[in-house]
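What follows is a set of notes on a single structure, which appears directly below.
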Amino acid sequence: MKQIPCPHCGNRAQAEFVYERSADSVVPLDAEPAVAIAALFSRANLRGTEEELWRHAHGCGMWLLIRRDRVSHHIEWVKPIGPEALP
Amino acid sequence: MNAPLINFTFDGRALTAKPGQTLAAALLDQGIRLVGRSFKYHRPRGILSAGIEEPNALVTVGSGGREEPNTRATDLYVYEGLNARSQNRWPSLSSDVGGVLSLVSKALPAGFYYKTFFGPPKLWLFYEQFIRRAAGLGPAPTKADPDHYAQRAAFCDVLVVGSGPAGLIAARDAVRAGKKVFLVEQDAELAPSLLRDPAEIEGKPGRTWAGEIATAVRTSGGRVLTRTSASGLWDDQFVCLSEKLIEPGQIPANGFSQRYWHVRAGEVVLATGAIERPLTFANNDLPGVMLSQAVRTYVTRFGVLPGKRVVVATTNDDGYLTARALMAAGAEVVVLDSRPAPAGHSSGVEVHNLAAPVMARGGKRGVKALVATVDGAERSFACDLVAMSGGFTPVVHLHMQAGGKLDWDQAAQAFVPGETRQNVRTVGLAAEPQPAETVGAAGNPKAAFVDFQNDVTVSDLDLAWREGYRSVEHLKRYTTLGMATDQGKTGNMAALDRIARREGITIPEAGLTTFRPPFTPVSMGALAGLATGEHAQPTRHPALYDLHAARNPIWLNAGYWKRPRAYPQGAETLAQAGLREARTVRTAVGMCDVSTLAKFEVQGPDAVQFLERVCQTTVGKLALGRGRYTFMAREDGLVFDDGTVWRLGDQRYLLTSSTGGASRMATWLSYVRGHLCADLKVSVTCVQEHYAAIAVAGPKSAQVMAALTRSEAPRHMSVVESTIAGAPVLLMAASFSGERAFEVHFDASQAEAVWQAIEAEVLATGGTLYGIEAMELLRIEKGHLVVGPDIDGRLTAEELGLGRMVNKAGGWIGQSCLSRPDFADKQRKQLIGLEAIDGKAIPEGSMLVRFVGAEAEGHVTASGLRVLEGGSIALAHLKGGQARHGEEIYAHSPTRRQTVKVRVTSPHFYDPAGERYRD
Amino acid sequence: MSKYSALQLLRGAFNGQSHWQPAWRHPDPKPSYDVVIIGGGGHGLATAYYLAKVHGITNVAVLEKGYIGSGNVGRNTTIVRSNYRLEPLGRFYEFSLKLWEGLSDDLNYNVMFSPRGALTLGHSDADMIRLAEKGDAMAVQGIEAELLTREQVMKIEPCLDFSRQARFPIEGAMIQWRGGTARHDAVAWGFARGADSHGVDIIQQCEVTGMVMDGNRVIAVETTRGRINAGTVAICAAGHSGHIAAMAGLKLPVESQTLQAMVTEGVKPMVNTVVMTQSLHCYISQSDKGGIVFGGDPDNWPSYAQRGQPVTMELAIQQGLALIPALSRLRMLRTWAGVTDMSFDGSPIIGPTPRDGLWIDGGWCYGGFKATPGSGYLFADTLANQRPHLIVEPFGLDRFERGTPVDENGTGPFPNHR
Amino acid sequence: MTEVSIVELGRGALHQLELWGDPAPTATRIAKALGHALPPAGRAEGDVLRLSPTSWLVSGDMATLAKALGDGGSLTPVGGGLVQIRLSGPGWRSLLMEGSLFDAESADFAADCVATVLIDHVTVTLRVESEASCLAYVPASLADDLLRFWQISAGGLPL
């Protein structure tokens, strides 16, 4: 049960967050088929550090980009994603 | 002053205990030594330890829903009325038939079951019944638990696990540094080691000193919890504690029997101490062979003398403390020390050096003598108690759970905590155990037990090693070593020692198995908290719930929601009520709660751009006040949801989608908005619960709406703002039934007024309430799809028959993945209709086959009937189905023994031209 | 190989069980093998066994970085069944189930396959329809399935909560009587002993660290015990498939996630079958030792740690206690976790890779244990004939880009949406 | 037993304010109209409560707000979907620790602090009103369940 520093809500228990997808599986809008298919159906899936998209589903609801070690679970950083926002 | 004695029973025998005694202490006090039977051979067993590591003395306590099997007598404080029963014996503890297994044990070595019971699986199933009945420990519970278990969060700067002197010092230092401290002790008393070995600390009696620190912890905002076990340590110092508010089987005063804590700590200090190791010799499992510190605990803390003639067998200095305590209590003591005599040392007790036990003699009534080698020669010592100490195993479980490594302490012959990546440190005897020697196993290896509860002997280890199960994990799994309820807390080191000797390596080279949570077993009830029984998962009540409830519907659990399925009249069955309701909708009018639909307000200058990404249909062409059917594709191009989109204002849209997919849709919209389209000027607000919604459907629905709103009802697929019963409503002319119909959406706080107004008008017009059952009949006949059975996430819009509605301009998400080659295959499944040729009901879910015996080419997704005319119809997925209209095939359900001949048709059975939508 | 039998055990009673031989050798790796299998788990060992036994290909090495059976074959909930909705899955798992039925005899190692019934509960009429659909799909394929009424379920599994106000009322069930459980470790050991007896080298403490390529062909593997040349390299390392495939420059349609399970202290028999449910995420059975074995959802986040999330398990227990209220006073004794290859349609991946000489058997999600003999047999056949066996053809690695996933749940490409 | 009172207040007239594009100019207009700035993350002020980086929950006079908002964002009625429950008395913080994973006992969680948290499977938005009480905004369909949870839990709070 990680503690995840939400840039909007502060430190919160992992149970409030949902992992959505790895950053390398984001299909950009209007991606060419080959790009979309590659993004959607293959993963680096590293036994190491990767960037991932999470959502603070049971908190502020915002999307977050998290860089994290998948063996130790250590979080290197968390960055907010989304529209421009006031502090 | 003598406190009153506590009455309890053991196997029906009325007994008494002194206050503060554990069941084990009380039984020993009463001279009861035989407490249980072992798992495999049903050997008679007594009490080995005085703590949570106990492998032998397991009992069942409590009654009814509070019956708790496998409770350790050493970890159970006697309470008035305690009713404890021994386990795994029949007919009684002293004459257990299962004991015959002891006699054939020679043919039942470790892993014997892998080598026999061959034959067909049914034969194993037959043998297995007997094995299952013989195995298991306590009785299987049968009743629901009447008690509550709380689950509670806590946050602290420092969590100290263990309240021995080292833990108390850590707690005191943290308090002095201004920290919020949690101090956790599994025993009922703080600093239990000071009850066993009273001492003066910092010039005060140890107990006083301990009490002062506890008070300091409390007054500085921290907490002190006794009877609390730290069972698991997870990422980022997240620690689960299980606190016994009352003893197992006891009736709680406030309804709560345990509290399970989820603690996030800044730092965790493990002052978890060490567990004494037994010595490995023949018959070391006899009642009356006990751990040395445990004996001392019984003597000093509980005032019980477990034996009068005692042999203390030790590999370390701690055994001498036991010898002294025993002598002070009046016992006759001999010490067997495995080590050579130290120079000039006098302990005032008969000591034999270079002495190690070989075999105990005795029976179910207990040990009678201990045979030992003393300086190479065998000698027998008559005794009624053996107190043994093979050194100490630090409790490193939580350290290891935290991802910590282990180091080897040669002097103590023990693994000690090494580096860890979490903010966790270990102090006291868990970090620096007392020096001790390792003595190998002695005596007949077949009777020398390493894992007491699971009956693993030295010869079992030898056999496993000989057969190639040499990794510790193989050894553990093959022999079941350390897999009993005590998780090998006492026996693992002896096993490692044996294996290292066989392999010719050191113990650290042999390694250790991984410790996983929990440290001590945790009640399932505590893990579930209050979320049990009918509250295991929340039930969602729609805004109109109470109004339905007053009308006594048949309820449907639809996911989390509770929805009316039909409103039967008189003795109507569900099917009868559903059909009546559907027919009334077809001929007059009906009303139905559709509040649970997912609803989103999409607003802003870029709302259309956003919606045309998400919806596969066009949105931009929608005129103000108009709406249309829409559907959405996943990124892989397959349709996953459908609904409607309405233009409420210039830049304001309402998007509805399926109830079951509501949270998935909310997440999806949030992803598209928040990540893919972060630069758009748009807001997407979930209004699923804000709007309650009532569908009014039927040829008379326009008349009903006109009467309610005192204005002409909007035409099909138009939306107007209006008022019903004084409440503002959105009136959307949309149909899911094939009839002219409306959805009335309104602020859920107006639920009662709006419902009652509509209900009065509907009933006055000869209409009815209808539920999901009728809704299904109506929509199937019309060929409307639902998410789940029809839109199952495996078909494209084209295959669902929605192709001509797809936005040809593209731009919707999922488009690029539809270019994958196999989607061009016209033999993929497609949505079609079916009608039964002989009128029989078409079994929902049945397989579509060309003939019985052929392979399935599709299946029935929804089955219904022609509401007014009768005749069975269905929706289905069929390979290449859109080109097979007119073909006759079979809907085949072997599980229901039904086979119905059906004709493939269009899925639109009712008013395909949509003429009924016009007034 | 000394034969296992009751008679031999009895003989042992008189010689102190001293006549038993090692179940497998501990050889050093040879410089070269016809087939090198990466991963000494159930699938790798089974593949080696059938390669040797059925196809006579015995110059085979199974490389295991730890000890054999240390991965998912030893960290599951031991359930064996073939009750799938989609035809390719039904066909595959039924093939496997048939092998299970003769496995103890075939291996001369009792894997304790216990067909005590795989019971899937339905909590609503809709659930019952979906169960009927699954049962019908099975039956049409010749896989026996039976729908049960609430009353029938009551007789089979009286410990369940049959009250009408139950959160998950029991409307009925589907049962596959031939489903059940097996002793997980015994499967690894039995295949290891069998493979070894046919000459296969099982090499433990031998981690593959790289692949040696000649153009597009994999010709050898680098290991912690040196380079080993191989005619064919077969990846059988589910959980770590992606890590291994990356050594050959491949990205897979797989994400590694943790799946947890737990067992309670043992009690006398109370759960007779394997209890699963159509709409919940917990599955419950009772081991021969009496412990109630519990599984739930995967942790739904990528992790290579064999360590789960406490709250995930608590959710599974909440559901389990709602189904069997009497479990409340039992105690959770032990938890474990495995790293699973979550594929992008929930189905396995078996067949060739874009690299010549490199084949894969992975993507098992949480269905790998019951697949063990079938996967081994069919993968061995695939390797021996250098083409996918008909039954595993639908499970090719390229099915995602072709557009033919085998998506049992229809939930699309993200494992955590399943 | 620690004292806490749990009172269901029912649904209220609430709107969700969302800003799009560059939020700064809109926020300035709104601040002028409200007489105070839009509260930052984790805070509430007056009738306005911050929900997320781009959204606020507001009650009171919508006309002024709508005028100030202009086309800088949206104002959407959401009050029908939320039931408000007031926890008061010395035990409210203690009660919020039950079935939760959030530190409601922290001194930092003071008056006008806002947090959306998970309690007994339910996502709840909390606003500290004062040391004496806290207001919870609960999804209406789940309010019955959460109320029951709180009522039972209140009986077993630790000292």
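Laboratory data are not the source of any read-out in this text; all were calculated from the coordinates shown. Because the structure is a prediction, the values reported are computed rather than measured. Every residue, glycine as well, gets a Cβ built from its backbone with ideal geometry; the counts of neighbours run over all protein chains shown.
When you work out D = kT/(6 pi eta Rh) for the protein assembly as shown at 37 °C and 0.692 mPa s, using the Kirkwood radius from C-alpha pairs as Rh and the Stokes-Einstein form, the result is 93 µm²/s. Between segment C:103-124 and segment B:431-459, the C-alpha centres lie 36 angstrom from each other. Within chain D, DSSP assigns beta bridges of which about 100% are antiparallel (rounded to the nearest 5).
Reducing segment B:589-659 and segment B:704-783 to their Cα centroids gives an inter-centroid distance of 19 Å.
Residue by residue along A:62-71, Cβ atoms of other protein chains within 10 Å of the local Cβ number 4 on average. Projecting the Cα atoms of A:Trp63, A:Gly10, A:Ile37 onto the charge dipole of segment A:3-80, computed from C-beta unit charges around the Cα centre, puts A:Gly10 farthest toward the positive end. In terms of surrounding Cβ atoms within a 10 Å radius of their Cβ, C:Glu157, B:Glu419, B:Glu534 rank from fewest to most as B:Glu419, B:Glu534, C:Glu157. Close amide H contacts of C:Thr353 (hydrogens built in the peptide plane, cut-off under 5 Å, sequence separation of 5 or more or a different chain): C:Leu358, C:Ile360. In order along segment D:30-43, the phi-based Karplus estimate (6.51 cos²θ - 1.76 cosθ + 1.60, θ = phi - 60°) of 3J(HN,Hα) comes to 5, 4, 5, 5, 7, x, 7, 5, 4, x, x, 3, x, 10 Hz; Gly and Pro are listed as x. Comparing A:Glu76, A:Glu16, A:Glu32, which has the greatest mean-square fluctuation in the GNM of chain A with Cα pairs linked when under 10 Å apart? So, out of A:Glu76, A:Glu16, A:Glu32, the one fluctuating most is A:Glu32. If you build a Gaussian network model of chain C, linking Cα atoms that sit under 10 Å apart, which residue out of C:Gly290, C:Gly403, C:Gly135 swings the most? Comparing C:Gly290, C:Gly403, C:Gly135 in a Gaussian network model of chain C, the most mobile one is C:Gly403.
Segment C:361-385 and segment D:86-130 have their alpha-carbon centroids 51 Å apart. Averaging the sequence gap over all C-alpha pairs within less than 8 Å and six or more residues apart, then dividing by the number of residues, gives segment B:712-806 a relative contact order of 19 percent.
Sort B:Ser292, B:Ser471, D:Ser88 so that the residue with the fewest other Cβ atoms within 10 Å of its own Cβ comes first and the one with the most comes last.
D:Ser88, B:Ser471, B:Ser292
Which loop-located chymotrypsin sites (Phe, Trp or Tyr not before Pro) does segment B:92-131 contain, where loop means any DSSP state but H, G, I, E or B and the Cβ has at most 11 other Cβ atoms within 10 Å? Provide the component values of the computation, followed by the final result.
Working: sites: B:Phe112, B:Tyr113, B:Tyr114, B:Phe117, B:Phe118, B:Trp124, B:Phe126, B:Tyr127, B:Phe130; in loops: B:Phe117, B:Phe118.
Hits after loop and neighbour filter: nothing returned.
Sorting C:Leu103, C:Leu86 by the number of Cβ atoms found within 10 Å of their own Cβ, with the fewest placed first, yields C:Leu86, C:Leu103.
Restriction of the GluC sites (Glu not before Pro) in segment D:1-65 to DSSP coil positions whose beta-carbon has at most 16 other beta-carbons within 10 angstrom yields D:Glu3.
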